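Participant: I have a structure I would like to understand better, so I am pasting it below and will then ask my questions one at a time.
Read-outs: derived from the displayed coordinates by stated rules, not from any lab. This one's a predicted model, so the numbers in the text were calculated from it and none came from an experiment. Here the Cβ is made from the backbone with ideal geometry for all residues, glycine too, and neighbour counts use every protein chain on show.
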Amino acid sequence: MRILIVLTYYDPHKSGLTIYAVRQARALAALGHDVTVLTSQYDRDLPKEEWAQGVRLLRLPVAFRISKGVVMPRMPFAAWKLIGEADVLNLHVPQVDAALLALLAKIRHKPVVLTYHCDLQMPKGMINRMAGWAAALANLISAKLADIIVHNTSDFAVHSSFLRRFLDKLTVIKPPVVLEEVTQNDVVAFRAKYHIEPQQRVVGMVARLATEKGVEYLVRAMAEIIQSIPDARAVFVGNYEDVFGEEAYRAKLMPLIEQLDKKWTFLGVVSELEKAAFLQLCDVLVLPSINSTESFGIVQVEAMLSGTPVVATDLPGVRQPVLSTGLGKIVPIRDSDSLSEAVIEVLQSVKSVDSEIVNVLSMHYAPETVAREYESLYKELIEAQ
């Protein structure tokens, strides 16, 4: 089967959307399919064409940016050719090119699968607002043209002001989750490298330093957490210095974080092996996201697979891993007091995760499992076409 996957950002860019697409593409290639990914050359140092783990990757030059989106003048021409060569088009949205690509696929009589990741909420400012309108219109047109729309949970879909209009097209497929295997030596090495003492209680967060991630609520909760558990320490893994469009948010947060002194540590972006080691040594992982730009939170499943409980906000989709497994606590959004209470309660309890639950999670979220569900979906659409 010849599969064309299109999205704005791909590896090495890090976000929940790109991680999903990378794992999906590689798992489909591992099943023997011909997988091509069309994306942006958002960094001019990236090669325009390469092969990565069986996936053909094509990057188009970026003429300019509009907010977090990019404009690629060559996209219509490259897409027309590639859609003609493919059996099925899989669009990951939000992306501003989605409407045009879906239309081209329909002209060429190719089925369209739309993988919808989240509702879009743009930062303040006229340019951001205009970019948001363009992306929303692209989402609407592509959803109307799509044969099937895929999302992680029905919980998010029925609460989404956008997706609930297209429930007749909805197919639920869990996101692909894969975690590097780590040894105790890897965990010990991680502790030594980043100076994390064994007696410290690690409150972990894995994210970008972005508004929708709700980082400030963990920052505000830490004072109460430290008062109850003096050995508690927040450790943040992920990009925190040059997140596009989040400069003002970072500037607002840094004075508050500096007040925590050594009780808050930024580690930056780490390798997949180090992330797995980090999740294993965490006493609790916190996911304090505040709006529907967060629709699931893959990292919380990764934490659970590592034996680490999660405190997540009560957002549609995001709450599902904790609700379905019982491995953690759900708290209201934008509520640092409730967040601190939940974290303290988890830290004061015994950290233990049922191995049977872990086995079920690893099977349901395995990239191969996800790829086979997509494979079945593609085949059905191609045969119907």
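Participant: Normalising by the residue count of the chain, find the relative contact order in percent from Cα pairs under 8 Å and 6+ residues apart.
Facilitator: It comes to 15 percent, rounded to a whole number.
Participant: What is the range 1-119 by shape, rounded, prolate or oblate, if you read a ≥ b ≥ c off the alpha carbon gyration tensor as root eigenvalues and call it rounded for a/c under 1.5, prolate for a/b larger than b/c, and oblate otherwise?
Facilitator: It comes out rounded by the Cα gyration axes.
Participant: Work out from phi, with θ = phi - 60° and the Karplus expression 6.51 cos²θ - 1.76 cosθ + 1.60, the ³J(HN,Hα) of each residue of the range 300-305, listed in order in whole Hz, and give x for Gly and Pro.
Facilitator: 5, 5, 4, 5, 4, 5
Participant: Report the semi-axes of the equivalent ellipsoid for the range 150-278 in whole Å, largest first, where each axis is √(5λ) for an eigenvalue λ of the Cα gyration tensor. Please report the intermediate quantities before stating the final value.
Facilitator: Details: eigenvalues 197, 91, 41 Å².
Sorted largest first and rounded, they come to 31, 21, 14 Å.
Participant: A follow-up question, please. Among LEU218, LEU279, LEU58, which one shows the biggest mean-square fluctuation in a GNM of the chain, springs joining Cα atoms closer than 10 Å?
Facilitator: LEU58
Participant: Same structure, new question: Which residue, chosen from ALA221, PRO309, HIS92, occupies the Cα position most advanced towards the positive end of the dipole of the chain, where the dipole is computed from +1 (Lys, Arg) and -1 (Asp, Glu) charges on Cβ about the Cα centre?
Facilitator: HIS92
Participant: Give the residue from ILE5, ALA277, ALA210 lying farthest towards the positive end of the charge dipole for the chain; charges sit on Cβ (+1 for Lys and Arg, -1 for Asp and Glu) and the dipole is referred to the Cα centre.
Facilitator: Of ILE5, ALA277, ALA210, it is ILE5.
Participant: A further question follows. Can you classify the chain as rounded, prolate or oblate using the Cα gyration tensor, where a ≥ b ≥ c are the square roots of its eigenvalues, rounded means a/c under 1.5, and otherwise it's prolate if a/b beats b/c and oblate if not? Present the calculation step by step, with values, prior to reporting the outcome.
Facilitator: Numbers: a/c = 1.81, a/b = 1.60, b/c = 1.13.
Verdict is prolate for the chain.
Participant: How would you classify the range 187-240 from its alpha-carbon gyration tensor, with a ≥ b ≥ c the square roots of the eigenvalues: rounded for a/c under 1.5, else prolate if a/b is greater than b/c, otherwise oblate?
Facilitator: Numbers: a/c = 3.60, a/b = 1.20, b/c = 3.01.
Oblate, because a/c is 1.5 or more while a/b does not exceed b/c.
Participant: For the range 184-363, which semi-axes, largest first and in whole Å, follow from the square roots of 5 times the eigenvalues of its Cα gyration tensor?
Facilitator: Values: eigenvalues 97, 75, 56 Å².
In descending order the semi-axes read 22, 19, 17 Å.
Participant: Just order 285-292, 192-199 by mean Cβ neighbour count inside 10 Å, highest at the front, would you?
Facilitator: Result, highest mean first: 285-292, 192-199.
Participant: Could you point to the residue in VAL358, GLN320, ALA342 farthest towards the positive end of the range 296-385's charge dipole, with +1 and -1 charges on the Cβ of Lys/Arg and Asp/Glu respectively?
Facilitator: ALA342
Participant: Pulled fully out, how much extra length does the chain show between ILE141 and ALA248, if you take 0.36 nm times their separation in residues and subtract their Cα-Cα distance?
Facilitator: 35.3 nm
Participant: Against the longest principal axis of the chain, how steep is helix 75-85, in degrees 0 to 90 to the nearest 10, with axes from Cα atoms?
Facilitator: 70
Participant: Given springs between every Cα pair under 10 Å in a Gaussian network model of the chain, which of ILE344, ILE83, ILE229 has the largest fluctuation?
Facilitator: Of ILE344, ILE83, ILE229, the most mobile in the Gaussian network model is ILE229.
Participant: What size of dipole, in debye to the nearest 20, comes out for the range 261-385 about its Cα centre when the only charges are +1 on Lys and Arg C-beta atoms and -1 on Asp and Glu C-beta atoms?
Facilitator: The dipole magnitude comes to about 260 debye.
Participant: Would you mind computing, in nm to one decimal, how far apart the modelled labels at ASP43 and ILE382 are, each placed 7 Å from Cα along Cα→Cβ?
Facilitator: 3.4
Participant: Please list, ordered by chain and number, the residues whose modelled amide H lies under 5 Å from the amide H of ALA52; skip anything fewer than 5 residues away on the same chain.
Facilitator: For ALA52, the qualifying residues are LEU57.
Participant: Take the chain, connect every pair of alpha-carbon atoms lying under 10 Å apart with a spring to form a Gaussian network, then pick out the residue of VAL206, VAL188, VAL343 with the largest mean-square fluctuation.
Facilitator: VAL188
Participant: Would you pull out the residues with amide H under 5 Å of THR171's amide H, same chain only if 5 or more places away, H placed 1.01 Å from N?
Facilitator: Amide H neighbours of THR171, under 5 Å, 5+ apart: ILE149, VAL150, HIS151.
Participant: Give me a comma-separated list of calculated 3J(HN,Hα) values for the range 27-43, in order, Karplus coefficients 6.51, -1.76, 1.60 applied at θ = phi - 60°, integers in Hz, x for any Gly or Pro.
Facilitator: Calculated HN-Hα couplings, in order: 5, 5, 5, 5, 7, x, 8, 8, 10, 10, 10, 10, 8, 9, 8, 5, 10 Hz.
Participant: Also, quick follow-up: How much length is gained if the chain between VAL350 and GLN259 is pulled fully straight, taking 0.36 nm per residue apart and subtracting their Cα-Cα distance, in nm to one decimal? Intermediate values should be presented prior to the final figure.
Facilitator: Values: separation 91, 0.36 × 91 = 32.76 nm, distance 2.98 nm.
That pair, VAL350 and GLN259, stretches by 29.8 nm at full extension.
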